[in-house]
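Peer 1: The structure follows.
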Amino acid sequence: MDFELSERTKELQQRLTAFMDRHVYPNEHRFHEEIAENRRKGDPWLPTRVVEELKPKAREAGLWNLFLPRSPRVPEGLSNLDYAPLCEIMGRVHFAPEVFNCSAPDTGNMETLERYASEEIKRAWLDPLLAGEIRSAFLMTEPEVASSDATNIQCRIERDGDHYVLNGRKWWSSGAGDPRCKVLIVMGKTDPQAPRHSQQSMIVVPSEAPGITIKRALSVFGYDDAPHGHMEVLLENVRVPAGNMLLGEGRGFEIAQGRLGPGRIHHCMRSIGAAERALETMCKRLSNRVAFGKRISEQSVWHERIAEARCMIDQARLLTMKAAYMMDTVGNKVAKAEIAMIKVVAPNIACQIIDWAIQAHGGGGVSQDFPLAYMYAHQRTLRLADGPDEVHRNAIAKLELARHSEVPGATARSSAAQARGA
């Protein structure tokens with residue numbers, strides 16, 4: 001496998017790093033101050049001025065829509081392998097991906113629309129998403145069922161003449177509370193009598209359609225995660241034109257596999273960036289603090305943790321690169337084991353390293369003076385997003401068992417071959 005980055009990607013790395021140094025890191029405090037200001041005004045979901053100001057700068061710098069490969073609409077889109085180191089850099093600051101129009105759930109939704117939507121739907125919703133003029137949400141998870149098994153989803157999508165009618169309750173609908181959110185992609189059940197993985201479908205729903213109610217925002221470890229947010233959404237007799245159905249009835253799982261593969265690995269790329277930044281801040285803190293007569297960095301327990309963190313990050317990065325390489329060369333389906341493995345590994349190593357960094361910062365580590373507490377909450381949540389660890393481990397184990405399962409007659413043939421060799 002060749003993980004050598006293209007010359008274009010190396011140049012983009014330099015430009016992106018410079019942009020982060022000049023525009024993003026210096027504005028972290030301003031970002032949180034603006035959210036606090038909006039919260040005092042009673043609407044924390046308002047977009048921040050700082051992000052909106054940085055978007056044109058990012059676009060002018062050629063750092064826009066880098067995530068989407070093989071799209072005639074996005075000639076600047078990179079392969080998964082080339083995008084990985086850039087996504088990692090963006091992941092060092094939680095709001096940075098939006099600055100470059102590379103944030104979830106929009107990236108997954110744009111990929112879905114590009115791959116599976118009609119040209120009419122693309123013109124209506126994909127083009128303004130690519131331009132950063134609107135935002136979107138993905139409605140899959142439901143509060144009444146264990147949605148880690150997506151066949152449990154109960155939201156109904158029923159045909160009525162030239163329309164479909166949607167009824168159900170969704171939650172963890174990230175971004176649905178943003179006033180810029182103009183389109184939803186909803187997964188629901190069209191045929192309860194069909195085979196288990198052919199009951200579900202996906203449909204494009206304008207967010208302003210009658211019958212859609214935002215019931216509440218869900219907090220994450222006490223954070224409201226504004227202005228992004230995660231909403232509980234009620235769908236009551238929501239009517240959508242039949243042409244908004246993606247691919248056709250019963251194709252929901254097929255679309256989900258195409259959507260969630262890139263979405264999962266993008267999360268992992270950003271997780272590695274978060275872990276790298278946590279290690280960096282941990283080393284600086286330990287080198288600048290004195291306890292019991294010497295620098296804390298001289299305590300042997302911290303040598304163990306720093307070394308382990310470096311090993312963990314580099315291992316996770318290599319697995320991410322392997323998964324990205326395979327997605328580019330043999331496709332998401334063949335790379336499903338590698339995608340599942342990195343989805344388990346990356347958020348877990350990030351959680352551990354951020355936890356060590358919090359410990360190194362003492363009381364400051366859990367305060368608002370450092371980004372670590374928020375980073376930890378996000379990474380711990382990622383162990384549930386796009387499928388919990390247990391689901392991915394189960395898939396990995398089944399694939400591994402299949403590799404080593406005995407083929408009828410294989411043992412006898414092997415014994416005979418050994419006998420001939422003897």
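The values are calculated or read from the model by the stated rules, or taken from the named source; none is laboratory data. From a predicted model like this one, the values you see are computed outputs, not experimental measurements. Every residue, glycine as well, gets a Cβ built from its backbone with ideal geometry; the counts of neighbours run over all protein chains shown.
Peer 1: Does region 150-164 hold any residues that are hydrophobic (A, V, I, L, M, F, W, C) and outside any loop (DSSP other than H, G, I, E, B), and which are they? Step through it out loud before you land on a result.
Peer 2: Going through region 150-164, the residues hydrophobic (A, V, I, L, M, F, W, C) turn out to be 150, 153, 155, 157.
Matches in region 150-164: Ala150, Ile157.
Peer 1: Then there is this: Determine whether region 229-241 contains at least one residue that is of a type outside the set (D, E, K, R) and modelled with pLDDT under 95. It would help to see each step written out before you state the result.
Peer 2: Of the residues in region 229-241, the ones of a type outside the set (D, E, K, R) are 229-231, 233-235, 237-238, 240-241.
Narrowing further to those that are modelled with pLDDT under 95: 229.
Scanning region 229-241 turns up at least one residue that is of a type outside the set (D, E, K, R) and modelled with pLDDT under 95.
Peer 1: Could you check Asn38 against (1) in contact (Cβ under 8 Å) with a residue 24 or more places away in the chain; (2) closer than 22 Å to Val205 by Cβ; (3) of a type outside the set (Val, Ile, Thr) and say which number it fails?
Peer 2: Here Asn38 meets the rest and fails (2).
Peer 1: Just one of the numbered conditions (1) in contact with a strand residue (DSSP E or B) (Cβ under 6 Å, 6 or more places away or on another chain); (2) under 18 Å from Lys284 (Cβ atoms) is not true of Ala377; which one?
Peer 2: With (1) in contact with a strand residue (DSSP E or B) (Cβ under 6 Å, 6 or more places away or on another chain); (2) under 18 Å from Lys284 (Cβ atoms) applied to Ala377, the lone miss is (2).
Peer 1: Let me ask another. Quick check on this structure: which one of Gly261, Gly273 is over 30 Å from Thr151 (Cβ atoms), surrounded by 20 or more Cβ atoms within 10 Å (Cβ to Cβ), within 17 Å of the chain's Cα centre (by Cα) and not charged (D, E, K, R)?
Peer 2: Values: Gly261 fails: over 30 Å from Thr151 (Cβ atoms).
Every option except Gly273 fails the conditions.
Peer 1: Could you figure out which of (1) assigned to a loop (DSSP other than H, G, I, E, B); (2) of a type outside the set (Lys, Arg); (3) in contact with a helix residue (DSSP H, G or I) (Cβ under 7 Å, 6 or more places away or on another chain) isn't true of Ser147?
Peer 2: (3)
Peer 1: Take the conditions in contact with a strand residue (DSSP E or B) (Cβ under 9 Å, 6 or more places away or on another chain), in contact (Cβ under 8 Å) with a residue 40 or more places away in the chain, under 22 Å from Asn332 (Cβ atoms) and assigned by TED's automatic domain parsing to the domain that holds Ile185 and apply them to Thr112. Does it pass?
Peer 2: Working: in contact with a strand residue (DSSP E or B) (Cβ under 9 Å, 6 or more places away or on another chain): yes; in contact (Cβ under 8 Å) with a residue 40 or more places away in the chain: yes; under 22 Å from Asn332 (Cβ atoms): yes; assigned by TED's automatic domain parsing to the domain that holds Ile185: no.
No, not satisfied.
Peer 1: Okay, next question. Output the residues belonging to region 240-296 that are over 30 Å from Val186 (Cβ atoms), in a helix (DSSP H, G or I) and of a type in the set (D, E, K, R).
Peer 2: Across region 240-296, the qualifying residues are Glu276, Arg277, Glu280, Lys284, Arg285.
Peer 1: Moving on. Would you check if Ile203 is in contact (Cβ under 8 Å) with a residue 12 or more places away in the chain, among the hydrophobic types (A, V, I, L, M, F, W, C) and not in a helix (DSSP H, G or I)?
Peer 2: yes
Peer 1: With the requirement that a residue be modelled with pLDDT under 95 and of a type in the set (D, E, K, R), what does region 56-74 give you?
Peer 2: Scanning region 56-74 gives a single hit, Arg70.
Peer 1: Here's a follow-up. Return yes or no: is Leu235 within 30 Å of Lys41 (Cα to Cα), surrounded by 15 or more Cβ atoms within 10 Å (Cβ to Cβ) and in contact (Cβ under 8 Å) with a residue 12 or more places away in the chain?
Peer 2: Details: within 30 Å of Lys41 (Cα to Cα): yes; surrounded by 15 or more Cβ atoms within 10 Å (Cβ to Cβ): yes; in contact (Cβ under 8 Å) with a residue 12 or more places away in the chain: yes.
In short, yes.
Peer 1: Hey, among the residues in region 358-380 that are of a type in the set (A, V, I, L, M, F, W, C) and outside any loop (DSSP other than H, G, I, E, B), which one's farthest from Gly91 (Cα to Cα)?
Peer 2: As a first pass, look at region 358-380 and keep what is of a type in the set (A, V, I, L, M, F, W, C): 358, 360, 366, 370, 372-373, 375, 377.
Okay, now just the ones that are also outside any loop (DSSP other than H, G, I, E, B), so 358, 360, 366, 372-373, 375, 377.
Values: Ile358: 18, Ala360: 21, Val366: 20, Leu372: 13, Ala373: 15, Met375: 10, Ala377: 14 Å.
So the residue we want is Ala360.
Peer 1: Hey, another quick one. Any residue in region 292-302 that is among the acidic types (Asp, Glu) and either over 30 Å from Leu5 (Cβ atoms) or touching a residue at least 12 places away in the same chain (Cβ under 8 Å) (or both)? If you could, list the steps in order and put the result at the bottom.
Peer 2: The first filter runs over region 292-302 and keeps only residues among the acidic types (Asp, Glu), leaving 298.
Next, only the ones that are either over 30 Å from Leu5 (Cβ atoms) or touching a residue at least 12 places away in the same chain (Cβ under 8 Å) (or both) stay: 298.
Yes, there is a match, as at least one residue in region 292-302 is among the acidic types (Asp, Glu) and either over 30 Å from Leu5 (Cβ atoms) or touching a residue at least 12 places away in the same chain (Cβ under 8 Å) (or both).
Peer 1: Continuing with this model, one more query. Please specify each residue of region 289-334 satisfying the condition of being among the β-branched types (Val, Ile, Thr) and closer than 18 Å to Gly258 by Cα.
Peer 2: Keep residues of region 289-334 that are among the β-branched types (Val, Ile, Thr), which gives 290, 296, 301, 306, 313, 320, 329-330, 334.
Once the filter is applied, which keeps residues that are among the β-branched types (Val, Ile, Thr) and closer than 18 Å to Gly258 by Cα, region 289-334 yields Thr320, Thr329, Val330, Val334.
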